[in-house]
1. Can you pull out every residue in region 50-88 that is within 13 Å of the ligand (Cβ to nearest atom), in contact (Cβ under 8 Å) with a residue 60 or more places away in the chain and closer than 16 Å to residue 140 by Cα?
2. Which of the residues belonging to region 34-49 are out of contact with any Leu (no Cβ under 7 Å at 6 or more places or on another chain) and either farther than 15 Å from residue 218 by Cβ or aliphatic (A, V, I, L, M) (or both)?
3. Looking at region 114-122, is at least one residue closer than 18 Å to residue 53 by Cβ and either without any contact (Cβ under 8 Å) to a residue 40 or more places away in the chain or not basic (Lys, Arg) (or both)?
4. Only one of these is in contact (Cβ under 8 Å) with a residue 40 or more places away in the chain and outside any loop (DSSP other than H, G, I, E, B): 221, 251, 236. Name it.
5. Suppose the filter is away from the ligand (no atom under 14 Å from the Cβ) and free of Cβ contacts under 8 Å to residues at least 24 places away in the same chain; does residue 300 pass it?
6. Tell me which residues, restricted to region 135-150, are surrounded by 14 or more Cβ atoms within 10 Å (Cβ to Cβ) and closer than 8 Å to residue 171 by Cα.
7. Looking only at region 89-105, decide whether some residue is under 21 Å from residue 283 (Cβ atoms) and within 13 Å of the ligand (Cβ to nearest atom).
8. Kindly indicate the residue of region 18-57 that is within 17 Å of the chain's Cα centre (by Cα), within 22 Å of residue 267 (Cβ to Cβ) and polar (S, T, N, Q) and also surrounded by the fewest Cβ atoms within 10 Å (Cβ to Cβ) among those meeting that condition.
Amino acid sequence: MNPLSSSEIRGNWATLLLPVRPDDSIDYELLSAEVDYFITAKVNGIYSNGSAGEFYAQTEDEFDKINALLAEKCNAAGMSFQVGAAHPCAQTARERLRRAKALRPSAFQVTLPDWFPPTLDEILRFLEVMAVEAAPIPLIVYNPPHAKRKLTPAEWAKVADRVAGVAGMKVPGGDEAWYEAMRPLMTRLSIFIPGHFLHVGLGHGAHGAYSNVACLSPKFAQRWYELCVSDPAAGAALGKRIAAFWAGNIAPVITQHGLSNMAADKTAAVAGGWLPGLTTRLRWPYGFAPDDLARKIGATARAELPEAFI
Ligand SMILES: N[C@@H](CC=O)C(=O)O
């Protein structure tokens, strides 16, 4: 694929959830079926190695195999794709990015160095080097709610000024004041907020979501994004129902059951039922939701959001 510019990175992007067998090995056949499904669903793009792709729990051989599979299928289908070259160790992240460059992704996703919270200078030094390594392929900075260091709007402005290779971000979003502070950056950086707040983010000028709603149903998430663009009022009305379903059913996987964000994403995917064989299992040592919880959430989803299952 060709590298994408910040203004081209928009819409509904699906995360490549890692299918894990009971013995903790990766089910590559199911991974391959998953990529095929996303291509058929005509999502705006696919990305590997977000949290639900479990980038932090892969050997380097596994990283290479997963991303080669994604790239081969996406390059053949003309589907935009991003490679998550993230790793808590900056040196390993740089090696991942170097090896994956030959796969010709549309962009790379990186997280910030993790062990000790980095200063802004350290963050800029990290991103400058990663951007030079990646060029001409741009970087997306994945700065999730649980990151040790969360960038403020003023710090994002410094990143944009100093590192031209950063094209976008994947962030939790914020309130009115946050969107107001981010407004000057919206023509320079692609801003992606959480999937279940897509309607709110788009209404404030954000560009899309690396989407947890696409975990529940990739096709529905795509239709909803397109509705938000063609008919913002109808998109917002549907968005309110999606957000209510999320608050009542998916968020409690984290807030009541004490599981991780990636456990919630996999629970949503199993509830959606679009990839037979996928389970809620995460790689050792992380806990995951029992299958009957996912089934129960799936039944609620079919009652509360029937249009997600047509
Ligand atoms: N945390 C997620 C976002 C989408 O569900 C990921 O990147 O995997």
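1. Passing the criteria: 50, 51, 82.
2. Residues satisfying the conditions are 39, 41, 43, 49.
3. The answer is yes; a qualifying residue exists.
4. Residue meeting the stated conditions: 221.
5. no
6. 142, 143, 144
7. No - not one qualifying residue is present in region 89-105.
8. Restricting to residues being within 17 Å of the chain's Cα centre (by Cα), within 22 Å of residue 267 (Cβ to Cβ) and polar (S, T, N, Q), the top hit is 51.
Rule-based calculations on the coordinates, nothing more; no lab input. As the structure is a prediction and not an experimental result, all values here were calculated from the model. Here Cβ is always computed from backbone atoms with ideal geometry, including for glycine, and neighbour counts include all displayed protein chains.
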